[in-house]
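Trainee: Structure in structure tokens, see below.
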Amino acid sequence: MSLTALQIRAFSPGATAYKRADERGLYLEIFPNGSKLWRLKYYVGGKEKRIALGAWPEVSLQAARLERDELRLRIAKGEDPALTRKKNKATAKISAANTFESVAREYIEIKMVGEGRAEATLLKARWFLDLLKPAIGHMPISDVDPQMMLAPLKKLEARGNRETAKKCRSFASRVFRYGAATGRCTTDPTAILKGALLTPQARHYAAILEPEKLGELLRAIDTFECYPITKLALKVAPHIFVRPGEMRHGEWQEIDFEKAIWTIPAGKMKARRTHAVPLSRQVLELLTELKAITGGQGYIFPAFHTRLRPMSENTINSSFRRMGYSKDEMTAHGFRSTASTLLNESGLWHPDAIERALAHGDSNAIRGTYNRGQYWDERVKMAQWWSDYLDELRSGRAFD
């Protein structure tokens, strides 16, 4: 006799599980905890097998019978539905581990962390992933095609974030190449998108380019009241030409006081090449003072609340605002433009030596290495001249 909805509702749990048959292999199993589970008994190659069809009442009697009839048709064609379900679960598990997001996270945590990339670089990579995640994060990496990849990039571009769109494409490309190398995909769909994005607009950082105004800024820094490490960062920054991020992430182990060199690892540099910075007498004195405050371990310019993180990227710019300099007058990055302009205007230094000091790397790696050796002695002299010149501007002697 087949079951009825009324009978199913009346089945009470017993001390042990028991079964009640419907028809054509379908039956209901009632468990001591009161749950009722539909199962189908069938045979493949003379061997009895069973497959679960869901729990009652979520799966009604009518729904269970429809599912049974579908499965019996597949069994008649030689399929084993339990085996198919097992394979599908395994495939889904593999696919879940091979989504763009999972492969990207693996790339960041294994490849980038393993290569010793700077924490700032890792944070940026995770940010790029967060931007791409809503569009392609959940998709198997092998299924992402150029059109799917282009959509989130164009969305960023439409918001005016051209540079971010370009960097997201570059990050995604590295993830796809990693995925191909590890057997999760075969192509890089970003490869044909290079011409599809608008060229980022050049970004110009506000900078003081007049010697007298630079002298005024240096005097303002001297009288500015703030946290001692911030004060020393403001004093060091004009001397060394490095990018703000490179300065903030500097570590004491990179400083050689005896040789007066700061060697910044490739992982912290924009051009991904090690950069050596000659240190003037004035910078060494400021660093010695700073070392006494920080203890000479970890970051050269640590954050206010913890020595485990570098100074905030907004610290120096915020200090300029508090000193009365607007974002259109001066920025932390602007010190590089200041140095480049005034060093070139002095006529004392080879333009290539100035470019090397600014870490504007040569696209030819061999030539770049040669130029570093060729201009190193000049850069050492230039670093000391520049610090002496800043002292003159600060004192006002340069205008006497």
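The values are calculated or read from the model by the stated rules, or taken from the named source; none is laboratory data. Remember, predicted model here, so these are calculated numbers, not experimental data. Positions of Cβ are backbone-derived with ideal geometry, glycine not excepted, and every protein chain shown enters the neighbour counts. Each accessible area value is taken on the protein alone, full model and side chains, heavy atoms only, with ligands, DNA and RNA left out. Shrake-Rupley method; radii C 1.70, N 1.55, O 1.52, S 1.80 Å.
Trainee: For the range 209-250, which helices (runs of 4 or more DSSP H) that fit wholly inside it have 2 or more residues that are on the phi < 0 side of the Ramachandran plot and acidic (Asp, Glu)?
Mentor: It comes to 211-223.
Trainee: Additional query: Does the range 270-281 hold any residues that are among the β-branched types (Val, Ile, Thr) and open to solvent by less than 20 Å² (accessible area, probe 1.4 Å), and which are they?
Mentor: VAL277
Trainee: Take the residues in the range 332-352 that are crowded, with 20+ Cβ neighbours inside 10 Å and out of contact with any His (no Cβ under 9 Å at 6 or more places or on another chain); name whichever of them is farthest from PHE224 (Cα to Cα).
Mentor: My answer is LEU343.
Trainee: Hey, another quick one. Restricting the first residue to the range 141-155 and requiring it to be in contact (Cβ under 8 Å) with a residue 24 or more places away in the chain and within 18 Å of ASN98 (Cα to Cα), which pairs with a second residue that is β-branched (Val, Ile, Thr) and open to solvent by less than 50 Å² (accessible area, probe 1.4 Å) meet a Cβ separation below 7 Å and a spacing of at least six or different chains?
Mentor: ILE141/THR99; ILE141/VAL103; VAL144/ILE136; MET148/ILE136; MET149/ILE136; MET149/THR190
Trainee: Pairs please, first residue from the range 304-321 and in contact (Cβ under 8 Å) with a residue 40 or more places away in the chain and closer than 18 Å to VAL242 by Cα, second anywhere and of a type in the set (Val, Ile, Thr) and surrounded by 15 or more Cβ atoms within 10 Å (Cβ to Cβ), Cβ atoms under 6 Å, 6+ apart in sequence or on different chains.
Mentor: So the pair list comes out as THR315/THR230.
Trainee: Here's another thing I want to ask about it. Restricting attention to the range 311-320, does a residue exist that is touching a Cys at 6+ places or on another chain (Cβ under 9 Å), closer than 19 Å to GLU216 by Cβ and open to solvent by 20 Å² or more (accessible area, probe 1.4 Å)?
Mentor: Scanning the range 311-320, I find no residue that is touching a Cys at 6+ places or on another chain (Cβ under 9 Å), closer than 19 Å to GLU216 by Cβ and open to solvent by 20 Å² or more (accessible area, probe 1.4 Å), so the answer is no.
Trainee: Which condition number does CYS226 fail, the rest of (1) of a type outside the set (Ser, Thr, Tyr); (2) touching a Ser or Thr at 6+ places or on another chain (Cβ under 8 Å); (3) at pLDDT 90 or above; (4) surrounded by 17 or more Cβ atoms within 10 Å (Cβ to Cβ) being met?
Mentor: With respect to (1) of a type outside the set (Ser, Thr, Tyr); (2) touching a Ser or Thr at 6+ places or on another chain (Cβ under 8 Å); (3) at pLDDT 90 or above; (4) surrounded by 17 or more Cβ atoms within 10 Å (Cβ to Cβ), CYS226 is out only on (4).
Trainee: A further question on this structure: Tell me which residues, restricted to the range 298-353, are within 27 Å of the chain's Cα centre (by Cα) and either in a helix (DSSP H, G or I) or hydroxyl-bearing (Ser, Thr, Tyr) (or both).
Mentor: Correct list: TYR299, THR306, SER312, THR315, ILE316, ASN317, SER318, THR331, GLY334, PHE335, ARG336.
Trainee: Which of the residues spanning the range 164-183 are open to solvent by 40 Å² or more (accessible area, probe 1.4 Å) and within 21 Å of LEU122 (Cβ to Cβ)?
Mentor: Of everything in the range 164-183, those that are open to solvent by 40 Å² or more (accessible area, probe 1.4 Å) and within 21 Å of LEU122 (Cβ to Cβ) turn out to be LYS166, LYS167, SER170, ARG174, ARG177, ALA181, THR182.
Trainee: Do the conditions hold for ARG74, that is, is it closer than 23 Å to GLU29 by Cβ and in contact (Cβ under 8 Å) with a residue 40 or more places away in the chain?
Mentor: Answer is no for this residue.
Trainee: In addition: Take the conditions open to solvent by 40 Å² or more (accessible area, probe 1.4 Å), of a type in the set (A, V, I, L, M, F, W, C) and either touching a residue at least 24 places away in the same chain (Cβ under 8 Å) or not in a helix (DSSP H, G or I) (or both) and apply them to ILE192. Does it pass?
Mentor: yes
Trainee: Now for a different question. Hey, among the residues in the range 354-381 that are hydrophobic (A, V, I, L, M, F, W, C), under 34 Å from the mean Cα position of the chain (by Cα) and surrounded by 14 or more Cβ atoms within 10 Å (Cβ to Cβ), which one's modelled with the lowest pLDDT?
Mentor: Once the filter is applied, the top-ranked residue is ALA359.
Trainee: Here's a follow-up. Tell me which residues, restricted to the range 229-247, are more than 13 Å from LEU290 (Cβ to Cβ) and open to solvent by 30 Å² or more (accessible area, probe 1.4 Å).
Mentor: The answer is ARG243, PRO244, GLY245.
Trainee: In this structure, is GLY267 within 22 Å of THR338 (Cα to Cα), under 24 Å from the mean Cα position of the chain (by Cα) and open to solvent by less than 40 Å² (accessible area, probe 1.4 Å)?
Mentor: no
Trainee: Find all pairs meeting these conditions: Cβ atoms under 7 angstrom apart; at least six residues apart or on different chains; first residue within the range 1-25 and within 25 Å of LYS49 (Cα to Cα); second residue acidic (Asp, Glu) and not in a helix (DSSP H, G or I).
Mentor: Correct list of pairs: SER2/ASP22; SER2/GLU23; LEU3/ASP22; ALA17/GLU29; LYS19/GLU29.
Trainee: Give me the pairs: first residue in the range 325-339 and at negative phi, second residue aromatic (Phe, Trp, Tyr) and surrounded by fewer than 21 Cβ atoms within 10 Å (Cβ to Cβ), beta-carbon distance under 8 Å, and six or more apart or on different chains, which are they?
Mentor: THR331/TYR205; HIS333/TYR205; GLY334/TYR205; ARG336/TYR205; SER337/TYR205
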